[in-house]
Amino acid sequence: MRARLPWQVLAFLLPALLVYTTFSALPLVDTLRLSLYSTDEAGRQHLAGFANFHTLLSDPRWSAGFWNAMVNNLKFFGIHMLAQNPIGLLLAALLSLRGVKGAAAYRTLIFLPTLLSVVIIGFIWQLILSPLWGVAERMLGWVGLSSWFGPWLGEESSALITLSLVSVWQFVGIPMMLIYAALIAIPEEIIEAAVVDGSSPWRIFWRIRLPLILPTLGLVTILTFVANFNAFDLIYAVKGAVGGPNYSTDLLGTYFYRTFFGYQSQVGSPTMGATVATLMFLVILCGVAVYFFAVQRRLQRFTF
Amino acid sequence: MRNNTSPALRGGLVHAVLGAYTLLALFPIGLVLINAFKARAAIFDDPLALPTPGSWSLIGFERVLSKSAVPMFFGNSIVVTACSLALILLLGAMAAWALTEYRFPGRRVLTLFLAFGIMVPIRLGTVSILELVVKLDLVNTLTALVLVYTAQGLPLAVFILSEFIAQIPPDLKDAARCDGVDEFRIFFQVVLPLLRPAIATVGVFTMVPIWNDLWFPLILAPGERTQTITLGVQQFIGQYATDWNAVLAALALAIVPVLLLYALFSKQLIRGITAGAVK
């Protein structure tokens, strides 16, 4: 670490800062600014204070769609927390047991779906769950459950859950990998000391290993949160921008897209789009803030 | 899993769970791959059967390749991903070097400014990014995508590369400095070559999201000639949804290159994700 002529530092920093500021930081700030403007019929923008937010949150023509997308997004996140992360934890715990043959192969294969495009995964599951093709129905038939089968993606009551589970299926490899890395980083001596004390593997997992990987579980939670509240591709690929049937799979990402670009009879509005984006930004910011100030600070005390 | 269960039973249980989940992870992908090579009747008669000489058909691939420009989509994706990755690595390494090697006023603020971009998705600025791209007359160009993806990938790359740069032994740099080598040559000739192992890690975290992205191609470059493979496949399937041969072939074409790359680089990739914890 040394003090140098500032122009040298500047020359190293400037290209990255220029691209990042121009195409990421400034557009974000500008989006926040745009949310305070409204567009009149002639397409001119003028300052409107918090009018857009008021419209979005309380005018029934807008707010019904917005709150619906928000609630759906919370369910989407909830299903990921209840399914993706516990399954990821279970797989990681099994993989990190000593002497599991082929652990590397399992790890590699289970991670594979995360590398494919969400669009591709969406289409694949659409085919599998299609009543026309009948693959899912036939396989349920093997275990005598073919009567369970229904057009899950097409029904209002089940479409969101089905799509959430498709997303869980695809991304379970990420928590698995992060948690696995944290588990095997625990020093052997700690585990051995517990073994010598006569603790069962079950007890060692819950009382020693789990508390030690809490920071990783916090990280997994915030990564899931940000990714879920930013999700768009899967819904768009499978259900289009309207998040059908009857908006039951509409998430903030698809709502943002429709507000900004318009869809069918709805005319797009950059300023209302910016307002939706600003609210999404605030939601994500809250999540990140909770993570840093509550979770991360407390958990760091337990790290080794 | 109490102590009293026999180790053999426990091992069997572990393999049963892991094996079952592995099957679940691979089955949908395998299903698409085997049916992409079958005639329409065979796809519906027995979806789970492997293609036989009787059911073998490449009609789906012929249709995809004749009706859409898949090779061009691949070309676009490769250009965008490679250019973005190269820029992210070069600019990211330069910035990471400046932030870790030198002490200067505003260093902490700049680090925080960049760190902000790790957590906040760049998509939220889309309204203004589109305005900017329109102003620069870059709509429907791959340049627009490269610039946006570079901005998207830089914060995390700087963060990762800083960790790598901090591990470079100071002796190397000091020896060069004693010989009077200037700072630029130290960076480009001593430091940059040492960062080669970091390429895998940075690559995992930046390449996969860029290659798979639908959002920015859809908004910034939806034109026929600039579609990436993800957007191209999405549009093709939207258009020919009832042609099962073509849909399955399009999906297979999108999957196979990723499978091949993963087969070659899975070890480096997993090491990259787990930050070296997995040997």
> Taking springs between alpha-carbon atoms closer than 10 angstrom, which of A:G218, A:G88, A:G102 fluctuates most in the Gaussian network model of chain A?
Replying inline: A:G102
> Sorted by average packing, counted as other Cβ atoms within 10 angstrom per residue and highest first, what order do B:56-63, B:164-171, B:6-13, A:89-96 take?
Replying inline: A:89-96, B:56-63, B:164-171, B:6-13
>> What does the C-alpha gyration tensor say about the overall shape of region A:201-286? Classify as rounded when a/c is under 1.5, otherwise prolate if a/b is larger than b/c, or oblate.
In response: prolate
>> Per 0.36 nm of contour for each residue apart, how much would the distance between B:L50 and B:A20 grow if the chain were fully extended, relative to their Cα-Cα spacing?
In response: 8.7 nm
>> So for the protein assembly as shown, if I pair up every lysine 8 or more residues apart or on another chain, how many of those pairs have alpha-carbons under 28 Å apart?
In response: 7
>> Below 8 Å between Cα atoms, with a sequence gap of 6+, how large is the relative contact order for chain A in percent?
In response: 24 percent
> Is the protein assembly as shown rounded, prolate or oblate when judged by the Cα gyration tensor, a ≥ b ≥ c being the square roots of its eigenvalues, rounded requiring a/c under 1.5 and prolate requiring a/b larger than b/c?
Replying inline: rounded
> GNM on chain A, C-alpha springs below 10 Å: top fluctuator among A:R258, A:R203, A:R107?
Replying inline: A:R203
> Dividing the convex hull volume of the Cα atoms of chain B by its residue count, what figure in Å³ per residue is obtained?
Replying inline: 214 Å³
> Going by how many other Cβ atoms sit within 10 Å of their own, how do B:W215, A:W202 line up, fewest first?
Replying inline: A:W202, B:W215
> Under a point spin-label approximation (7 Å from Cα along Cα-to-Cβ), what is the A:A11-A:S147 distance to one decimal in nm?
Replying inline: 7.8 nm
>> For chain A, compute the orientation-averaged projected area of the C-alpha convex hull (one quarter of its surface), in nm².
In response: 23.5 nm²
> According to a simple spin-label model (label point 7 Å from Cα along Cα-to-Cβ), what is the distance in nm between A:E188 and B:L172?
Replying inline: 3.0 nm
>> Can you give the FRET efficiency to the nearest 0.05 for B:F116 and B:R40, using r as the Cβ-Cβ distance and R₀ = 56 Å?
In response: 0.60
> When only C-alpha pairs under 8 Å and at least 6 residues apart count, what is the relative contact order of region B:69-273, in percent?
Replying inline: 32 percent
> Can you give the convex hull volume per residue for the Cα atoms of region A:121-232, as a whole number of Å³?
Replying inline: 153 Å³
> 222 nm [θ] for chain B, helices only, -39500 (n - 2.57) per DSSP H run of 4+, per residue, to 500?
Replying inline: -23500 deg cm²/dmol
>> With a 10 Å cut-off between alpha carbons and a GNM built on chain B, which of B:T230, B:T126, B:T150 moves the most?
In response: B:T126
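Coordinate-derived values only; no laboratory data. Here the structure is a predicted model, which is why all the values come from computation and not from measurement. When we count neighbours, we look across all protein chains shown, and the Cβ atoms used for this are built from the backbone with ideal geometry, even at glycine.
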